[in-house]
Amino acid sequence: MRAFVLTGPEQGAVQEVPVPSAVAGEAVVDVERAGVCGTDVELFTGEMAYLHEGHSSYPLRIGHEWCGTVSAVGEGVDPGWVGKRVMGDTMLGDGTCRRCERGRQHVCERRQEVGIRDGRPGALAEKLAVPVSSLHVLPDSVDPVLGALVEPGGNALRAARAAAVGEGDRVLVMGPGTIGLLTAMFLRAGGAEVHLMGATEGSLEFARSLGFGHACTQDSLPGLPFDAVVDASNAEHLPALAVDVVEPGGRVVYIGLSGGPSRVDTRSLVLKDITAVGVLSASPGLGATIEAYASGAVDPRPLVGATVGLDAVGAVLAGQRPEGAGSAPKIHIDPSLRQ
Ligand SMILES: [Zn+2]
C-alpha cells in the first residue's frame, strides 16, 4: 500500500509499504480522510520535542487526525466492527499503569501516539492498524470531512470546556489557527461572546468570514473584561498576556505550544484568583465532539481549505498551499486521490 514516510528532517515521500495486519485486539482501518496539522509540520522540520527526547525517530509514518472504515480485525475483536466507519484516539496508553487505571491514558508515561510517538504508524496512508479500544464509531451525519476533524475538535472542545464560560460571558481566544477557531466555535455554541486575537490581518479576515466579528490584533485588543482567555497560539509572550488581560476570578487555558519557554508570574495568578488549565490531547473530548458535529451544533467544515492526495503531503508540510486553499487553515488528505 502507499504511505507517506518521513525519512529525516525536511525529507519525506510516498513509499510502497507492507499492508498492516490486524494483530490481537486491533483493527485495520481503510483511511477515508486525514488531516495535516502543526505537529506533523514539526515532525517534518525536526523541531518536535519528541524527536529530541527519544520518543520519536525517523523513519516516521505521520497522520493522527483521521477517519475511515474498518476492513479487518484481529483475534479477540468482535467481527461486527468490520464495515463500521470510525475515527481513533491518538493517545494509546499502556492500559496497566496508575494513570491509565484512573482514566488518564492520554498522559501515560509509556503511551504510544498514533503517527507521532513510539513508532506507531499513522494515517497518511491507505490503511492503518490501531487498538479497537481506541476507536469511536461515527454516525452517518458525520461525513469524512467532519470525521477527520474530530481529533482536533476534541482538543478544542476540552479547551472550551476548561474556559468554563457561557451565556453572558466574554472570552478571548488567542491564535486563530485550526485549534483556536475550533475552540471559538465550541465557545460560541455554548453562548459566550467570543473575541479572537491574531498576529496578521489575513488570519483575522478568515475568522470574520466564519462570523467572528470581534477579531483583533494585539495592538487593537479592546480593553474589555474577559471572563476567560484561551491561548491557542505558538507565541512565547502570549501565555503571560493571557494572565494580564483576564478578569480577576477568571480562567486562562493553555493549549498552544511555543518553540521556547513561556514565563508566567504565578503571583498574578494568586493576586487575581485565576484558574490556569493546560490541555494535552483530545482523548476525553472525542465522544462529545462527535455528538456536537452529528447534531450540527458545531460545523467546522469551512476550516478545510483543500483536499489533496498523498503525493501532495510533502509540499503541504513544506508550507505550500494547494491551489484554491484560500486562507482556511486545514489541509485534508484523501489517500484515494492520485495526482
Ligand atoms: Zn499507562
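The values are calculated or read from the model by the stated rules, or taken from the named source; none is laboratory data. Keep in mind that this is a model prediction, so the values were computed, not measured. Don't worry about glycine lacking a Cβ; one is built from the backbone with ideal geometry, like all the others, and counts go over all protein chains shown.
Restricted to segment 245-320, the set of helices (runs of 4 or more DSSP H) holding at least 2 residues that are in the same structural domain as LEU138 (by TED's automatic domain parsing) comprises 313-317. Counting only residues that are buried (at least 22 other Cβ atoms within 10 Å of the Cβ) and assigned to a loop (DSSP other than H, G, I, E, B), which one in segment 75-110 is nearest to the ligand (Cβ to nearest atom)? Restricting to residues being buried (at least 22 other Cβ atoms within 10 Å of the Cβ) and assigned to a loop (DSSP other than H, G, I, E, B), the top hit is GLY93. Screening GLY35, GLY12 for residues that are touching a residue at least 24 places away in the same chain (Cβ under 8 Å), in contact with a helix residue (DSSP H, G or I) (Cβ under 8 Å, 6 or more places away or on another chain), over 20 Å from ALA282 (Cβ atoms) and part of a strand (DSSP E or B) leaves exactly one candidate, GLY12. Inside segment 208-240, residues that are assigned to a helix (DSSP H, G or I) and buried (at least 21 other Cβ atoms within 10 Å of the Cβ) make up a count of 2.
The residues of segment 111-156 that are outside any loop (DSSP other than H, G, I, E, B) and within 16 Å of the ligand (Cβ to nearest atom), listed by number, are GLN112, GLU113, ARG117, PRO131, SER133, SER134.
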